[in-house]
Amino acid sequence: MAFDINETLANMLGTIKTSVGENWGDVKSAMNEFMQSRKERLELLADMRIQGQIDDDDLKSRLDDEKLLLDSELHDVAIISKEIAQNAANAAIDILQKTILAAIKL
Amino acid sequence: MKNYLITLITVSILLTSCRVTLLPNYDASVARQIDSTNKMIDRFYLNMAEINSAQRQYSNFVPDYVKIEVELISILNENKARTLNKDSEKISQNAFDEWEKYKDKHKADNTIKDADIKLNRIYMDEQLLRLRIGEKFKQTATH
C-alpha cells in the first residue's frame, strides 16, 4: 500500500499544466485567424467605400456587423477556454483515480 | 489500515463517476446542419449576383429567404435545447439576427446592390464559421 498524496498532487498539477499548455495554442491560433480575416474585411470595406460601391450609411451598418461578429468570436473563445479547462480537470482526475487504484491493488 | 483501504476504494468509486463537464456533447447532426445551411446561403447569394440588378426585387427571393430562415431558426432551437450551451446559442442568435437584418433591408429597398450581395455573403459565412468552430471544440472535449 503506497499512496503519496504530495506526489499525486504534483502529478495532477503537472498534467493540468501540460494539458493547458498544449491547448492554449488553440486559443491563440483562433484569435490570430479572427484578426486576420477582420483585417481583410476592413480592407475590403475601405476599398469599396473609396470606389463608391458603398456609402457612409452602408459602412456604419457594416461596422455594426463587425461588432456582432466580434461578439460571436468572444463566445468561441469562451467555448475553447471551457474545452481546455474541462480536458485539464478530467486529465487530473484520471491521474488521481489511477494512483488510488494502483495503491489499492498493492 | 482497513479504514484507509475503505476510504481509498470509496474515493476511487466516487472519481469513476466524477467528471468535469463545462460543455455539451458534440452533436454531429448540428454540425452537418450548420454546413448545409452555409452552402444554402452561398448558393443563394451567388445566384443572386448572377441576376441582373433590375430583376432583384425582394418578391423574387422570398421562398429562398424563408427556406434559409427556417434552417437558421432550427439551428438556434437545437442549440437552445442543449444544456451548457449558452455560447453556441448566442452565436446562433447573432447569425439569425444578421440574416434578418439583410432580409429586411432587401425588403425595404426592394433591390440589392452587388456590393451588398458580396458583403452579406461574407458576413453570413463568417458567422456560421464561428458557429462551426464552437462545435469543433465540443468534439475534442473529454467527458
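The magnitude of the dipole of the protein assembly as shown, with charges of +1 and -1 set on the Cβ of Lys/Arg and Asp/Glu and taken from the Cα centre, is near 960 debye. With the simple model of a label 7 Å out from the Cα in the direction of the Cβ, A:E43 to A:K60 spans 2.8 nm. The calculated FRET efficiency for B:A108 paired with B:Y26, based on their beta-carbon distance and R0 = 51 Å, is about 0.80. Students often get this wrong, so check it: of A:K98/B:K86; A:K82/B:K107; A:K98/B:K138; A:K82/B:K105, which have C-alpha atoms separated by over 30 Å? Violating the 30 Å limit, Cα to Cα: A:K98/B:K86; A:K82/B:K107; A:K82/B:K105. From most to least packed by mean Cβ count within 10 Å, the peptides A:61-73, A:33-45 give A:61-73, A:33-45. A Förster distance of 51 Å, applied to the separation of the beta-carbon atoms of B:Q139 and B:N52, puts the FRET efficiency at 0.70. Principal axis extents of the Cα atoms in the protein assembly as shown, from largest to smallest and rounded to whole angstrom, are 87, 34, 22. Using a cut-off of 24 Å between Cα atoms, the listed pairs A:K67/B:K101; A:K17/B:K90; B:K80/B:K113 include A:K17/B:K90; B:K80/B:K113 as exceeding that distance.
Selection among B:N77, B:N38, B:Y26 by position relative to the dipole of chain B gives B:Y26 as farthest towards the positive end (Cβ unit charges, Cα centre). Summary value for chain A: 66 percent relative contact order, contacts being C-alpha pairs under 8 angstrom separated by 6+ residues.
Read the figures in this text as sums done on the coordinates, not as results from a lab. Quantities reported herein were computed from a predicted structural model and do not represent experimental measurements. When we count neighbours, we look across all protein chains shown, and the Cβ atoms used for this are built from the backbone with ideal geometry, even at glycine.
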